[in-house]
Amino acid sequence: MAETEKPRPEDSEEEESDDELDEIAEFTNKSRTRQSVSAEAYGAWNQKKEFTPPVFEKSSEQSDRLKATLGHSFMFNELDEKDMQTILHAMKEVVLEAGTEVIKEGEDGDYLFVIEKGQLDCIKKIENQDKVVKTCSAGDVFGELALLYNCPRAATVKAKEASVCWQLDRETFNHIVKTAAVNRRERYDALLKTVDVLKDIGAYERSQIADALKPETFQKGDCVIRQDDPGDKFYIVEDGTLYAEKKVGSETNRVMDYKSGSFFGELALLRNQPRAASVYVESSSCKVLSMSRASFIKMLGPLQELLLKQAGSYA
Ligand code: CMP
Ligand code: CMP
């Protein structure tokens, strides 16, 4: 959405559904106040002209490491050249010893972090007990929620081992990355909620999946997956219809129909085998969201049993 089209706080208050506010509250510990969500989510856009991003000098070795790190991060890897330069200048290297607490649950937050190497635990107090809700590794971003939704830190983040991260300030993030990140999470979140196999995952996991999806457009008759090819992507249908066709001996049968919210392409990744069927576009055009093999294994690996259960019903 263009800057001028952004709903102002007073408009957006009416437009935000109760469900949306509950979702944000679910992973941010934030009280369900409308002002708190909309004020930050749509706040700082008018200030673009006065913004002067910070510059942290870097050696060429540091710049190379940072570029490689951002290239592995969904939140940053699609920035245009100019925005990427601003981000490269504004990020600051943070070297952490094992056990260092980078973020404390409940505090205010002014930075997000991208991990170059190492592992960090995200820990939430649940019923007075510390629970590790996620372990982040290279390429992952953490500390984005406080910046995206202007809320207190939703978890404590602690280095599990010696780690190197890059830190980005709230203002630069707001000006360069936030609009795209909020739009993508909101747009794909609505679709992901309709995907049957994902219906029981938490809001935070869903936001991570949303970050990993890449849109692709196809036309009627296009073959998205060809039987017997090697498989390296998983697909969710955003818009349009498709069908799967399976050839056994000299016989070819239509075995499945797909519409918005359906998924396909999971078998080759789960079983490490060639594609078991072909998938063609039936509607005049169609939009799908694809996810790489690595993201699929990382994010949907835990759903393996559910996915294979569905595969058990295939013709
Ligand atoms: P933030 O709330 O700014 O700071 C703590 C971070 O922990 C949070 O952003 C997320 O990046 C990260 N995190 C990882 N898993 C979760 C989770 N399940 N709920 C909330 N935050 C999480
Ligand atoms: P994959 O083998 O990766 O690529 C082709 C996809 O077609 C497959 O994953 C399933 O998602 C889908 N499919 C639908 N019906 C069948 C079926 N009867 N047999 C095999 N694959 C099917």
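The values are calculated or read from the model by the stated rules, or taken from the named source; none is laboratory data. Model, not experiment: these values are computed from the prediction. We place every Cβ from the backbone using ideal geometry, glycine too, and count neighbours over all the protein chains shown. When the accessible area is computed, the model is the full protein with side chains, heavy atoms only, and any ligands, DNA or RNA have been set aside. Shrake-Rupley method; radii C 1.70, N 1.55, O 1.52, S 1.80 Å.
Data for the structure
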| item | result |
| --- | --- |
| Surface accessible to a 1.4 Å probe, per residue, for the residues of the stretch 201-315, Å² | 50 |
| Table column - 3J(HN,Hα) (Hz), the stretch 290-303, Karplus curve with 6.51, -1.76, 1.60, x for Gly and Pro | 10, 9, 5, 4, 4, 5, 4, 5, 5, 8, 10, x, x, 9 |
| From phi via Karplus (6.51, -1.76, 1.60), per-residue ³J(HN,Hα) for the stretch 59-69 in Hz, x at Gly/Pro | 6, 5, 5, 5, 4, 4, 5, 5, 4, 4, 5 |
| Relative contact order %, the stretch 103-262, counting alpha carbon pairs below 8 Å whose residues are six or more apart | 19 |
| Long-range amide H partners of T100 with built H, under 5 Å | A159 |
| Gain on full stretching of the segment that runs from S285 to K214 - 0.36 nm per residue minus C-alpha separation | 23.9 nm |
| Rel. contact order, % - alpha carbon contacts under 8 angstrom, at least six apart, the stretch 202-309 | 39 |
| Flagged links, alpha-carbon separation over 20 Å, of K104/K158; K134/K160; K58/K117; K246/K298; K160/K214; K124/K160 | K246/K298; K160/K214 |
| For the stretch 252-266, 3J(HN,Hα) per residue [Karplus equation, 6.51 cos²θ - 1.76 cosθ + 1.60, θ = phi - 60°, Hz, x = Gly/Pro] | 10, 10, 6, 10, 7, 10, 10, 9, 3, x, 7, 9, 7, x, 7 |
| Cβ-derived FRET efficiency at R0 35 Å, N128 paired with A294, nearest 0.05 | 0.45 |
| Centre separation in Å (Cα based) which lies between the stretch 164-193 and the stretch 71-118 | 12 |
